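Participant: One structure, as structure tokens, below. Some questions next.
The values are calculated or read from the model by the stated rules, or taken from the named source; none is laboratory data. Predicted model only: the values in this text are computed from it and were never measured. Because the Cβ atoms are built from the backbone with ideal geometry, glycine has one as well, and the counts that use them run over all protein chains shown. Surface areas here come from the heavy atoms of the whole protein model, side chains and all, with no ligands, DNA or RNA. Shrake-Rupley method; radii C 1.70, N 1.55, O 1.52, S 1.80 Å.
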Amino acid sequence: MLYALKIAARYLTANLAQTALLVTGVAVGVFIFIFMSALIGGLAEFILARTVGDMAHITIEAESADPALLISPKGQVLFVAEPGRIRTATLAEAATWLPLIAAVPGVKAVSPQITGAGFLTRGAQVSQVSITGVEPGRESAILDLDGYMVEGSARLGSGLIVLGRELADDLALSLGQSVRVQSTTGSTMVLTLSGIYQTGSRGMDQARAFVSLSSARTLFAMPQGVTRIEIKLDDLNAADATALRIRALTGLDAVSWTEGAAQLMEALNAQAQTGYFLKGFALLTIVIGVASALLLSTYRRRPEIGIMRAMGAGRGFVVFVFVTQGALVGLLGGVTGAVLGYLALLPFPSREAFRPGTLPLDITQGSYGLAITLTVIGAILASILPARSAARVDPVTAIGQ
Amino acid sequence: MSALLETSELVKTFGAGDTATRVLRGLNLRLSTGEMAALLGPSGSGKSTLLTILGTLMKPTSGRYQMLGHDLIAADDRELTVFRNRHIGFVFQFHNLLPDFTALENVIFPTAVREGRETATARARGRDLLVRMGLADRIDFPTANLSGGQKQRVAVARALMNSPELVLADEPTGNLDRASALQVMELIGQINRDEGTTFLISTHDEKIAAACQRQIVVADGLVTG
């Protein structure tokens, strides 16, 4: 069918202005498709980054210890030892699991933590806080603490503490000054403020303190194990599958972030659906444009189709010529639109640099290949009606025109 | 000479009911291989309809039509298309070339469409034919740049491309000046003599008819002479 391809190409080049107009129409449709893909994808990315970006994608928490019972041989309960409400259950074998979890494909970072409640006291000022003990060097593994630092360093060491801006202000604390920390187990330490962060979230900036894992062990009387393991993934959309894998691998209760985010997922799905509609309309415009242009071409070329039929061209050949024209228009328009779309998205910041107030256009989510493929398929489908119409041309009538 | 084609009792009716028009009324015709025949008759006598049926572009309402032993009434569209491509050439009054193609591309179209591509052999034969038509310096010209006589000679070359047994020419010189008309007819006569190709030429021109070995007169849908 090389010859049909030649004829199709010749028809397109015979009237360059008309073909250019047609290809431009298709390219605009593809441009809109790509722009919408980048916008919808970027918006979803932005929303996720703002809501989930600083969260663990998978969390493993220690199960509360069951009450210990001493039962007599007759079955009577002799003694019940219920763990105190403030005593923290532990993931005692955390050290064993961490390398295994870190080796799971898609896992970006693993952060063992000891968390609990406590009080910060400085002079007469007392603030209730949530204390998180993290391993030095893994301060920014889950929450981008480095990125939120406004004073000092996020680096935690023995005897150091990092606080939120509002908490530090409430306690009138400056870098290098000391604060007394008391945990709910009753342990007390005096720590030095080494860094102040500001996330913009009042709840966090006012009530969360970061200490080193060793300080947390002392504060919560936990010589071994951790209370929580937080995991960050390369792709947060893979959280469900990866959580299942970790569960199967370790037997621990790994929970994906999506389990507590049904409403967010629904909103993102609704947004994606809107995107599909908009992209669908862009495709429909392409199909209608190509179909109408080729129908016009079929009508204009009726005498030539008649001549071809008289010279021995079969109906299949005629169909192929017009369908190939549609495919070529789709390919040219698709590639042109994709290139224009890519160039138009280049000046926008990358997904890592999305900031509130800017249009979150993600150049990596332009769906360029999909846009070109769907456009070619759409253009081929659009050309079937004109092609069938051309194949039905009666050569006697057409030649006589 | 052996029979190339034969029709019997060909009837062609257009329309139906009160508006029905019977153009052919049981026409019988036999053409032998290598004949060069003129088809004469007044306008509306059925000449063009007969050429269209013989060219397998239209089926008769009833009757029989055989060519080279093939029953062309029973054949379907696909079979007729293949048969037409291999055995029948056409020359129309208004040349009917493909306007966006060169002279050579027009000439080799019947072979290219059959083989699915333009082969070197087809190109060589196309060039030979155009040279024989006196168009050696117009081979790669777009047909839009050719004169009427040149276009008609390209059309004759195209009709001969697949070496058909039969060439049907509908007023091939009707749109040409006298000199060009004579040039085209000389070429047709030469090919008839050299290659034994059968020509059936519809014409109103008595001089053209006189140049043919046989004159077939059609009147009121019947062969009358």
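Participant: Can you work out the Karplus-derived ³J(HN,Hα) for every residue in segment A:369-382? Use 6.51 cos²θ - 1.76 cosθ + 1.60 with θ = phi - 60°, whole Hz, and x for glycine or proline.
Facilitator: x, 4, 4, 5, 4, 5, 5, 5, 4, x, 5, 5, 4, 5
Participant: So, for segment B:35-128, what is the accessible surface per residue at a probe of 1.4 Å, expressed in square angstrom?
Facilitator: In whole numbers, segment B:35-128 has 39 Å² accessible per residue.
Participant: Under the definition of Cα pairs under 8 Å and six or more residues apart, what whole-number percent is the relative contact order of chain B?
Facilitator: On the way: 436 pairs, mean separation 69.4, N = 225.
Once normalised by length, the contact order is 31 percent.
Participant: A further question follows. First measure r as the distance between the Cβ atoms of A:R50 and A:V190, then evaluate 1/(1 + (r/R0)^6) with R0 = 41 Å and state the FRET efficiency to the nearest 0.05.
Facilitator: 0.70
Participant: Among B:G44, B:G189, B:G34, whose mean-square fluctuation peaks in a Gaussian network model of chain B (Cα, cutoff 10 Å)?
Facilitator: Most flexible of the set in this elastic network: B:G44.
Participant: Can you work out the FRET efficiency for the pair B:N175 and A:L100, with r the C-beta to C-beta distance and R0 = 56 Å, to the nearest 0.05?
Facilitator: FRET efficiency, B:N175 to A:L100: 0.05.
Participant: Would you work out the relative contact order for chain A, in percent, from Cα pairs under 8 angstrom that are 6 or more residues apart?
Facilitator: Rounded, it is 26 percent for chain A.
Participant: Determine which residues of segment A:22-40 fall in the zone a paramagnetic label at A:Y276 would reach in this model, i.e. backbone nitrogen under 18 Å from the point 7 Å along Cα→Cβ.
Facilitator: The answer is A:33-34, A:36-40, whose backbone nitrogens lie closer than 18 Å to the label point.
Participant: Also, quick follow-up: Would you grab the residues whose amide H sits under 5 Å from the one on A:S130? Only those 5+ places off in sequence or on another chain, please, with H modelled 1.01 Å from N.
Facilitator: Amide H to amide H, under 5 Å and 5 or more residues apart or across chains, A:S130 pairs with A:R208, A:A209.
Participant: Against the globular-protein guess of 2.2 N^0.38 Å, express the Cα radius of gyration of segment A:351-401 as a ratio, rounded to two decimals.
Facilitator: Relative to the 2.2 N^0.38 Å estimate, segment A:351-401 comes out at 2.28.
Participant: No solvent, one uniform scatterer per C-alpha: report log10 I(q)/I(0) for segment A:82-221 via the Debye equation at q = 0.12 1/Å, two decimals.
Facilitator: Listed by q, the Debye log ratios stand at -0.47.
Participant: To continue, here is another question. What total accessible surface area, summed over both chains, is buried at the interface between chains A and B, computed with a 1.4 Å probe and given in Å² to the nearest 100?
Facilitator: 2200 Å²
Participant: Whole-Hz Karplus ³J(HN,Hα) for segment B:207-219, in order, using 6.51 cos²θ - 1.76 cosθ + 1.60 and θ = phi - 60°, x for Gly and Pro?
Facilitator: 5, 5, 4, 5, 6, 8, 6, 9, 10, 10, 9, 10, 9
Participant: Of the residues B:A112, B:A20, B:A75, which exhibits the maximal mean-square fluctuation in a Gaussian network model of chain B defined by a 10 Å Cα contact cut-off?
Facilitator: B:A20
Participant: Next question. Helix B:120-132 versus the longest principal axis of chain B: what angle, 0 to 90°, nearest 10, using Cα atoms?
Facilitator: The answer is roughly 80 degrees.
Participant: Over the protein assembly as shown, what percent of the accessible surface lies on carbon and sulfur atoms, probe 1.4 Å?
Facilitator: The value for the protein assembly as shown is 56 percent carbon and sulfur by accessible area.
Participant: Right, something else. Pick from B:F90, B:F14, B:F101: which is most flexible by mean-square fluctuation in a GNM of chain B where alpha carbon atoms under 10 Å apart are linked?
Facilitator: Looking only at B:F90, B:F14, B:F101, the largest GNM fluctuation is found for B:F14.
Participant: For B:T13, enumerate residues with amide H under 5 Å from its amide H, sequence gap 5+ or separate chain, H modeled in the peptide plane.
Facilitator: The list, which skips near neighbours in sequence, is B:V23, B:T61.
Participant: Less than 17 Å from a label point 7 Å out along the Cα-to-Cβ axis of B:T61: which backbone N atoms in segment B:193-225 qualify, by residue?
Facilitator: Residues B:219-223 qualify, since their backbone N sits under 17 Å from the label point.
Participant: If you count the DSSP beta bridges with both ends in segment B:3-223, what percent of them are antiparallel, to the nearest 5?
Facilitator: About 55 percent, rounded to the nearest 5.
Participant: Give me the angle, in degrees from 0 to 90, between the Cα long axis of helix A:239-250 and the longest principal axis of the Cα atoms of chain A, rounded to the nearest 10.
Facilitator: 50 degrees
Participant: Quick check on packing: order A:140-150, A:26-36 by the mean number of other C-beta atoms within 10 Å, highest mean leading.
Facilitator: So the order, starting with the most tightly packed, is A:26-36, A:140-150.
Participant: Sticking with this structure for a sec: Round to a whole angstrom and tell me the spacing of the C-alpha centers of segment A:145-211 and segment B:153-169.
Facilitator: So the separation of the two Cα centres works out to 96 Å.
Participant: Still on this structure, I have one more. Can you work out the base-10 log of I(q)/I(0) for segment B:3-223 at q = 0.18 1/Å, using the Debye formula on its C-alpha atoms alone?
Facilitator: Results for segment B:3-223 at q = 0.18 Å⁻¹ read -1.33.
Participant: Once the Cα gyration tensor of the protein assembly as shown is diagonalised, what are the square roots of 5 times its eigenvalues, in whole Å and ordered largest first, as equivalent ellipsoid semi-axes?
Facilitator: 92, 25, 19
Participant: Too long at a 25 Å Cα-Cα cut-off: which of A:K232/A:K279; B:K47/B:K207; B:K12/B:K207? Write out the running numbers ahead of the final one.
Facilitator: On the way: A:K232/A:K279 32 Å; B:K47/B:K207 18 Å; B:K12/B:K207 30 Å.
Those over the limit are A:K232/A:K279; B:K12/B:K207.
Participant: Would you compute the Debye intensity of segment B:116-205 from its alpha-carbon atoms alone, equal scatterers and no solvent, and pass along log10 I(q)/I(0) at q = 0.17, 0.24 Å⁻¹ to two decimals?
Facilitator: Per q value, in the given order, log10 I(q)/I(0) is -0.73, -1.36.
Participant: Name the long-range amide H neighbours of A:G195: under 5 Å, sequence gap of 5 or more, or other chain; modelled H, no Pro or chain starts.
Facilitator: Residues meeting the criterion, in which the H sits 1.01 Å from N, are A:S153, A:I161, A:L163.
Participant: Now a separate question. Where Lys and Arg each count +1 and Asp and Glu each count -1, what net charge lies around B:R117 among other residues with Cβ under 15 Å from its Cβ?
Facilitator: With Lys, Arg at +1 and Asp, Glu at -1, the neighbours total +2.
Participant: Hey, what number do you get for chain A at 222 nm if only DSSP H runs of n ≥ 4 count, each worth -39500 (n - 2.57), divided across all residues, to the nearest 500?
Facilitator: Estimated from H runs of four or more residues: -16500 deg cm²/dmol.
Participant: Kirkwood hydrodynamic radius for segment B:1-54: how many Å is it when counted over pairs of different Cα atoms?
Facilitator: Final number for the Kirkwood radius of segment B:1-54 is 12.4 Å.
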